[in-house]
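The values are calculated or read from the model by the stated rules, or taken from the named source; none is laboratory data. Keep in mind that this is a model prediction, so the values were computed, not measured. Quick reminder, even Gly has a Cβ in these numbers, built from the backbone with ideal geometry, and neighbours come from all protein chains shown. The area values use the complete protein model at the heavy-atom level, side chains included, leaving out ligands, DNA and RNA. Shrake-Rupley method; radii C 1.70, N 1.55, O 1.52, S 1.80 Å.
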Amino acid sequence: MKYRTLGRTGIKVSPYCLGAMMFGAFGNTDHDDCVRIIHKALDAGVNFIDTADVYSGGESEEIVGKALKGGRRDHVVLATKAHLPMGDDPNQRGNSRRWLVRALDDSLRRLGTDHVDLYQLHRPAPDTDVEETLSALTDLVRAGKVRAIGTSTFPASEIVEAQWTAERRGLQRFRTEQPPYSILDRSVEREVLPVCERYGMGTLVWSPLAQGMLTGRFRKGLPTDSRRAARGFRHFSDEARLDAVEQLIPIAEEAGMSLTHLAMAFAVAHPGVTSALIGPRTMEQLDDLLAGAGLTLDDETLDRIDGVVAPGTDVSRLDMAYDTPPITEPALRRRPSADRSAA
């Protein structure tokens, strides 16, 4: 592995980050097998692991904690996240001081460690003042429980606002961002990645395989993966995405690699990308991903990819992509009916 610096933190990380979302009830329920997968990734040179409290209700963090026992913890850059609901209580979620302090303590207990190297907000929280959030995170850094803080799936405008707030108030600033990025999902090239570069933020991009669509298993005319379809992901049957996959397969073949390897090499080729998340559920998936870790794409291949999916654009949208409240809440983009009628 040729290690990269995570933004301007000075922390060296592998270009592949092992995502732990598939460890636990959501994916692989065999803890021992998950531990073996983690150990094999570490032995191959991957030194970056990303998980979250919400993954399988904390089970993913427990599995990662088991895998890092016996002296491995000190050699791993360990990242986790908070924000998404961890119970029915309305205060067991979000980016408030009240929740983040407790959520981190719960994560540390499950992970079996006294600190995480990177603590991330899983999503923005429009109902919480960013200064409130940064103040809480700053205290956690000063307490030695966190080394660096980051965000996930934040719009460029909110990244900039947080940077300005941190500077004005003398608070810790976000050092990383974790956006979705793949050949099919390139909109972050327009603003998010350039903003991260401008502020010296590292990026660990999620879903570089577009939720599996860039593995070659999803083709026009083939039945949809029942396990994924059962979770309600509509983008697997999106005609535009399937058409793009059909055009990418011969590009991969002519480059002498699988579509999976083409997609991963594309993700880590962008100068604004530090690491790409891999989320294997099985040892076979990990082996395949690691086999392509050293592959690079030449300019001709990258130009051909640009011809299929234009830079800065998405081919439709991932179902789990983040939309700001004015997009999801009609009342925020419509004047009251009385005002409309008066006009």
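Figures for the structure shown
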| item | result |
| --- | --- |
| Qualifying residue in the range 244-256 (condition: farther than 21 Å from Phe218 by Cβ, at pLDDT 95 or above and within 21 Å of the chain's Cα centre (by Cα)) | no |
| Subset of the range 151-181 (residues that are among the acidic types (Asp, Glu) and either more than 25 Å from Ala321 (Cβ to Cβ) or open to solvent by 60 Å² or more (accessible area, probe 1.4 Å) (or both)) | Glu161, Glu167 |
| Residue that is most open to solvent (accessible area, probe 1.4 Å), among those in the range 290-308 that are within 21 Å of Leu277 (Cα to Cα) and assigned to a loop (DSSP other than H, G, I, E, B) | Thr296 |
| Residue within the range 259-269 that is farther than 30 Å from Ser135 by Cα, hydroxyl-bearing (Ser, Thr, Tyr), at pLDDT 95 or above and out of contact with any strand residue (DSSP E or B) (no Cβ under 6 Å at 6 or more places or on another chain) present | yes |
| Search result, residues across the range 257-270 that are outside any helix (DSSP H, G or I) and more than 17 Å from the chain's Cα centre (by Cα) | Met257, Ser258 |
| Single condition Asp323 does not satisfy, out of (1) at pLDDT below 95; (2) open to solvent by 80 Å² or more (accessible area, probe 1.4 Å); (3) acidic (Asp, Glu) | (2) |
| Conditions (1) among the aliphatic types (A, V, I, L, M); (2) closer than 26 Å to Arg147 by Cα; (3) modelled with pLDDT of 95 or more: number failed by Ala25 | (2) |
| One residue from Thr313, Thr324, Thr301 being touching a Ser or Thr at 6+ places or on another chain (Cβ under 7 Å), of a type in the set (S, T, N, Q) and either at negative phi or without any contact (Cβ under 8 Å) to a residue 60 or more places away in the chain (or both) | Thr313 |
| All positions within the range 53-73 that are of a type outside the set (S, T, N, Q), assigned to a helix (DSSP H, G or I) and in contact with a helix residue (DSSP H, G or I) (Cβ under 9 Å, 6 or more places away or on another chain) | Tyr55, Gly58, Glu59, Glu61, Glu62, Ile63, Val64, Gly65, Lys66, Ala67, Arg73 |
| Extreme residue, most open to solvent (accessible area, probe 1.4 Å), among residues of the range 2-35 that are in contact with a strand residue (DSSP E or B) (Cβ under 7 Å, 6 or more places away or on another chain) and among the basic types (Lys, Arg) | Lys12 |
